[in-house]
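The values are calculated or read from the model by the stated rules, or taken from the named source; none is laboratory data. All of these numbers come straight from a predicted model, not from anything done at the bench. Backbone-built Cβ (ideal geometry, glycine too); neighbour counts: all protein chains shown.
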Amino acid sequence: MTVRPGERLRVGVVGVGHLGRHHARLVAALPDAHLIAAVDTQEERARAAVEGTGAESLTDFRALFGRVDAVTIAVPTVDHLHIAREFLARGVHVLVEKPMAGSLDEAEEMLAAANASGATLAVGHTERFNPAFQAALPILRTPKFIEIHRLSGFPERSLDIDVVFDVMIHDLDIILAVDATDVVGVEAVGVPVLTSKFDIANVRVKFASGCIANITASRISRDKVRKSRYFQPDMYVSIDFAAQELEVWRLQSRPGERPVIEGGPVAVERGEPLGRELADFVSAVRERRAPGVTGEAGLRALALASRVARAIDDASASS
């Protein structure tokens with residue numbers, strides 16, 4: 001659907017549970033968007049999500065057909081394709097939460113639907129919009145080693161997928177954004193501790209560039225940690241995603257003297273990553289440009305997550 005200059009983008013939010021309710025809140029606050037309705041199978045939850053916004057509450061996403069230019073989808077992963085396909089086929093622009101689909105085949109079908117109609121397809125990898133990461137990305141040119149820890153307590157949601165697709169996929173997308181070369185090696189291990197699925201996992205990813213990324217993801221930790229470190233020639237970069245803090249240290253040469261290490265904290269203009277992501281989606285549709293995280297990028301992250309999951313299964317089978 002084409003949005004005429006000066007018009008606000010008509011947006012619907014499908015699924016207003018733990019995350020989707022924040023979609024509704026933030027879309028309603030965007031100056032270039034008009035929240036039309038929030039949809040949820042639980043009527044009370046839909047009403048609560050739009051309270052004070054003037055938007056409608058609905059229980060069937062099909063009631064949005066013909067009334068919106070774009071939707072954000074924050075329902076369980078198993079329903080992503082079914083709902084996104086209906087909107088994409090009608091030319092409605094879609095932002096779907098991560099992981100974009102329950103399988104690679106479903107993700108490819110979603111992409112095909114977007115390409116067929118020309119609708120924008122964005123994927124909700126919010127950490128790409130973390131101000132600290134966005135400030136660091138331009139200087140992360142040739143990392144040789146990346147170390148990431150993403151640890152959190154046991155959730156009451158997303159237990160239909162394991163820690164790789166629920167938690168680690170954030171950082172798989174991050175390393176793919178930093179190093180665009182092919183992944184040439186994956187070694188991984190995972191442990192099902194509190195559920196039948198893997199609750200903690202570690203992966204070592206090797207890129208064609210020679211870069212090695214070591215990622216640990218847990219949803220059974222006592223501490224909440226979201227940190228990454230990047231080592232490249234003459235530079236060390238540290239990002240605290242939770243605190244939105246960035247440190248950069250460089251090796252500075254001095255003619256005739258020993259080199260010195262200089263650097264420290266870098267000023268970051270803090271902001272809500274999800275709000276920045278939604279603003280980017282609305283702007284991308286209005287400006288007819290690619291969103292910050294495209295459907296192709298979402299597919300690549302899902303493909304790597306699937307590869308990690310297979311490596312964990314193989315390691316478990318051989319132990």
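Structure summary
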read-out	value
Scope segment 24-72; condition in contact (Cβ under 8 Å) with a residue 60 or more places away in the chain, assigned to a strand (DSSP E or B) and farther than 23 Å from Asp166 by Cα; matching residues	Ala33, Ala70
Breaking point among (1) more than 20 Å from His93 (Cβ to Cβ); (2) over 21 Å from the mean Cα position of the chain (by Cα); (3) not acidic (Asp, Glu), for Gly17	(2)
Within segment 236-261, tally of residues that are more than 15 Å from Val178 (Cα to Cα) and either in a strand (DSSP E or B) or among the β-branched types (Val, Ile, Thr) (or both)	16
Total residues in segment 260-282, condition small (Gly, Ala, Ser) and touching a strand residue (DSSP E or B) at 6+ places or on another chain (Cβ under 9 Å)	4
Hits in segment 268-316 - residues which are assigned by TED's automatic domain parsing to the domain that holds Gln134 and free of Cβ contacts under 8 Å to residues at least 12 places away in the same chain	Arg310, Asp313, Asp314
Every residue from segment 273-319 that is surrounded by fewer than 19 Cβ atoms within 10 Å (Cβ to Cβ), outside any helix (DSSP H, G or I) and not small (Gly, Ala, Ser)	Arg288, Arg289, Thr294
Residue check, Arg85 of a type in the set (D, E, K, R) and either more than 21 Å from Leu299 (Cβ to Cβ) or in contact (Cβ under 8 Å) with a residue 40 or more places away in the chain (or both)	no
Residues satisfying the stated conditions in segment 205-235, i.e. outside any strand (DSSP E or B), under 27 Å from Ile261 (Cα atoms) and modelled with pLDDT under 95	Pro233, Asp234
Residue ID - nearest to Ala70 (Cα to Cα), chosen from residues in segment 104-129 that are touching a residue at least 40 places away in the same chain (Cβ under 8 Å) and among the polar types (S, T, N, Q)	Thr120
